Amino acid sequence: MSIPEVHLDTLAVHGGRDPEDDGGLAPSIRPATTFLRGEDGDYPGGHQYSRSSNETRARLESALAALEGGGEAVTFASGMAAASAVFMQLAPGDHAVVSADVYHGVIHFVKQWIVPRGVDVSFCETSDPDALADAIRGNTRLIWFESPSNPEMKITAFAAVAELARARGIVTVCDSTLASPVLQRPLEHGIDAVMHSSTKYLGGHSDMLGGVLVTRNAELARRLRAWQAESGAVPSAFDCWLLLRSLPTLPLRVTRQSASALHIAQWLSEQNGIERVLYPGLASHPGHAVAREQMRAFGGVLSVCVDGSERKARAFASATTLFAQATSLGGVESLIEHRASVEGDNRRSPGNLLRLSVGLEHPDDLLRDLAQALERVRDVN
Ligand code: PLP
């Protein structure tokens, strides 16, 4: 269905639907793995075998590309499958710059599988354009960054990355998972590709795994499309359908989660018992000015450093009742997580840091929950 120029909210509702197709207002699901040839040997439905393409995935991909403002979307079975598809494009002798504060799974993947292939990788503070410029070498082929980053919530300026990379022909990829296309659209600022763990806000209900890359770079799209089919880490038709079902509420969910997170961040930053709050929506955050320029709101994730020991931080997380103690983010339910203990070998978060993913509960109830938890651990050392 061709959709006229509309707001993102409208696009989110109509992007993955085509009632003219089979009359159903909601998208149908097509679980077939293989498709019939016509008499001439061609595939009249346009699909041959589901690992290469299928209708439900194609529908999802066109909806996701539209949300990011154009280009081609290539979906994967998880966010890590999408990330690895990018890093696997690098050849021995190439160099990549990666934000120091990216998702710890990406750091682990790069160290474990990419560096041993003869690819040089520099972990760098991409929120500092001078540090980024210094990290670039003659053989740099990729800049991979996450903004907002996680868990430190650092902000990298899209325009600065694009300007440094463009002249040198370096491919730039932004992991935009924490923002979703509702809050920022990096392609519009000259970034080559956007990546999401769609397990998070895009899915939004903590019930499916997925990943996506969206790019306007035709050559990159061609390679990623080939990698998708040949590596085989593709999402199931059911997961594609679940994601299609989630997209219409994405703008509402993210807008509400961002508003609640800002409210909670402001409140927490005034509490005794909290050493600091990391949230780009706070004027005190070093990335606040850049975030205001390139984001529509500041997202539903924040980190807090409890005033005290790791033991106290963990006791605080355990004392909450509405915030579930679990990893991940972007779902309808609020989560709280002691980050250092899930980072494993790449542990870099301070022991007193907790990451909060704010859900769709009423913000007053969430504040009350945090207040009672703070009170309960007041005397913990
Ligand atoms: N990027 C970010 C920012 C994440 O938070 C995660 C997962 O937590 C990933 C990538 C990896 O995504 P997935 O768990 O869907 O493989």
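The values are calculated or read from the model by the stated rules, or taken from the named source; none is laboratory data. Predicted, not measured: the structure shown is a model, and the values here were computed from it. Methodologically, a virtual Cβ is constructed for each residue, glycine included, from the backbone with ideal geometry; neighbour enumeration extends over all protein chains shown. Just the protein is used for accessible areas: all its heavy atoms, side chains included, with ligands, DNA and RNA removed. Shrake-Rupley method; radii C 1.70, N 1.55, O 1.52, S 1.80 Å.
The figures follow:
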read-out	value
Residue within segment 212-230 that is away from the ligand (no atom under 16 Å from the Cβ), among the hydrophobic types (A, V, I, L, M, F, W, C), over 27 Å from Val98 (Cα atoms) and over 18 Å from the mean Cα position of the chain (by Cα) present	no
Candidates Ser62, Ser78, Ser53, filtered to the one that is closer than 27 Å to Leu220 by Cβ, within 16 Å of the ligand (Cβ to nearest atom), hydroxyl-bearing (Ser, Thr, Tyr) and surrounded by fewer than 21 Cβ atoms within 10 Å (Cβ to Cβ)	Ser78
Unmet requirement for Met208, which otherwise passes all of (1) within 30 Å of Leu25 (Cβ to Cβ); (2) touching a residue at least 40 places away in the same chain (Cβ under 8 Å); (3) out of contact with any Gly (no Cβ under 9 Å at 6 or more places or on another chain)	(2)
Candidate set: segment 81-99, residues that are under 18 Å from the mean Cα position of the chain (by Cα) and of a type in the set (S, T, N, Q); chosen: the one surrounded by the most Cβ atoms within 10 Å (Cβ to Cβ)	Ser99
Val13 away from the ligand (no atom under 16 Å from the Cβ), buried (at least 19 other Cβ atoms within 10 Å of the Cβ), over 24 Å from Glu230 (Cα atoms) and touching a residue at least 24 places away in the same chain (Cβ under 8 Å)	no
Unique match (being in contact with a Phe, Trp or Tyr (Cβ under 9 Å, 6 or more places away or on another chain) and surrounded by fewer than 19 Cβ atoms within 10 Å (Cβ to Cβ)) among Gln266, Gln257, Gln228	Gln266
Residue list for segment 314-332, filter: assigned to a loop (DSSP other than H, G, I, E, B) and open to solvent by 60 Å² or more (accessible area, probe 1.4 Å)	Thr321, Leu322, Thr327
Output for segment 100-144, where each listed residue is within 14 Å of the ligand (Cβ to nearest atom), open to solvent by 40 Å² or more (accessible area, probe 1.4 Å) and part of a helix (DSSP H, G or I)	His108
Leu242 being of a type outside the set (Gly, Ala, Ser), more than 11 Å from the ligand (Cβ to nearest atom) and in contact with a helix residue (DSSP H, G or I) (Cβ under 6 Å, 6 or more places away or on another chain)	no
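Residues checked against (1) within 20 Å of Arg276 (Cβ to Cβ); (2) within 16 Å of the ligand (Cβ to nearest atom):
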site	(1), (2)
Val304	yes, no
Gly308	yes, no
Ser318	no, no
Gly331	no, yes
Ser341	yes, yes
Leu354	yes, yes
Leu360	no, no
Ala373	yes, no
Val380	yes, no
